[in-house]
Amino acid sequence: MNTNNSNTAQQGGHVSIDRGIFSLGSNFNQRYISDYKKLAKLIEHCKGLGLRVVLTQGTYDMLHIGHARYFEEAKKHGDVLVVGVDSDEKVRARKGPERPVVPENERLEMVAHLRPVDVVVLKALKAPRWQLIKMVKPDVLIATKQTYTKAEIVELHKICGKVIALEPMATTSTSAKIRKLQINTAKSFGATLTPKIIRAIEEVLEKIKD
């Protein structure tokens with residue numbers, strides 16, 4: 001890693017990034033880019049420096065260890081990791097009115113706090129298909145195996161340098177965690193409320209008898 005004041009260093013033909021460019025601690029305002037035009041200029045600049053750009057996308061609702069491992073693995077495939085985060089509207093349209101549990105502004109900030117992530121952007125519901133992918137044209141697109149069909153991967157290879165499908169990085173998903181939470185909550189309420197309801201019914205029946 002270069003310790004001089006320059007932003008990049010050439011080492012054996014590979015350009016390594018000086019952490020001063022992207023490693024800005026938890027500075028969310030520096031990592032989050034809301035303007036896609038600014039994002040396009042940043043990506044163009046990075047590629048001009050010879051940096052490999054990696055892109056991945058998702059909901060990232062209720063961040064867990066699987067997400068952190070996923071980002072860490074994704075970053076191994078390049079120099080700059082761009083993460084597209086689905087908007088609340090986009091998540092609701094795909095997963096139902098109960099989701100997301102965590103609002104988009106918090107999800108964006110939490111993703112930006114993870115060390116491997118360099119840039120975070122929001123993906124709108126009505127955005128054209130693969131808008132972010134087509135704009136970034138990543139050297140490497142990272143996804144899970146369930147994200148794209150084989151036909152879609154063939155099509156994506158025309159846009160991206162490489163498409164890599166990763167295995168799940170945790171034994172359970174966010175959806176599974178939410179279902180477990182709902183079941184446990186229902187059981188807890190049931191155990192608490194059932195005796196009260198029974199007593200209320202008994203009192204009503206006693207009054208009817210009288």
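Filtering segment 94-141 down to residues that are more than 26 Å from Gly78 (Cα to Cα) and of a type in the set (Val, Ile, Thr), which residue is farthest from the chain's Cα centre (by Cα)? Taking the candidates together, the pick is Val101. Counting the residues of segment 158-167 that are in a loop (DSSP other than H, G, I, E, B) and under 15 Å from Val53 (Cα atoms) gives 3.
If you check Gly84 against the conditions, is it assigned to a strand (DSSP E or B), assigned by TED's automatic domain parsing to the domain that holds Lys123, touching a Ser or Thr at 6+ places or on another chain (Cβ under 9 Å) and within 18 Å of Thr147 (Cα to Cα)? In short, yes.
Exactly one residue among Tyr70, Tyr32 is surrounded by 19 or more Cβ atoms within 10 Å (Cβ to Cβ) and under 18 Å from the mean Cα position of the chain (by Cα), and that residue is Tyr70.
Return the residues of segment 89-108 that are at pLDDT 95 or above and touching a strand residue (DSSP E or B) at 6+ places or on another chain (Cβ under 8 Å); say none if nothing qualifies. Lys90, Glu104, Arg107, Leu108, listed by residue number. Only a single item in (1) under 19 Å from Lys145 (Cα atoms); (2) crowded, with 22+ Cβ neighbours inside 10 Å; (3) in contact with a Leu (Cβ under 6 Å, 6 or more places away or on another chain) is not met by Asp61, and it is number (3). If the requirement is being farther than 26 Å from Ala93 by Cα and modelled with pLDDT under 95, which of these qualifies: Thr194, Thr144, Thr149? After applying the criteria, what remains is Thr194.
Restricting attention to segment 87-102, the residues that are assigned to a helix (DSSP H, G or I) and either crowded, with 19+ Cβ neighbours inside 10 Å or not assigned by TED's automatic domain parsing to the domain that holds Thr56 (or both) total 2. Within segment 35-58, residues that are within 12 Å of Ile133 (Cα to Cα) and assigned by TED's automatic domain parsing to the domain that holds Val80 reach partners that are basic (Lys, Arg) and surrounded by fewer than 21 Cβ atoms within 10 Å (Cβ to Cβ) with beta carbons closer than 7 Å, at six or more positions or on different chains, in the pairs Val53/Lys47; Val54/Lys75; Gln57/Lys123.
The values are calculated or read from the model by the stated rules, or taken from the named source; none is laboratory data. Please read all numbers here as calculations on a predicted model, not as lab measurements. Because the Cβ atoms are built from the backbone with ideal geometry, glycine has one as well, and the counts that use them run over all protein chains shown.
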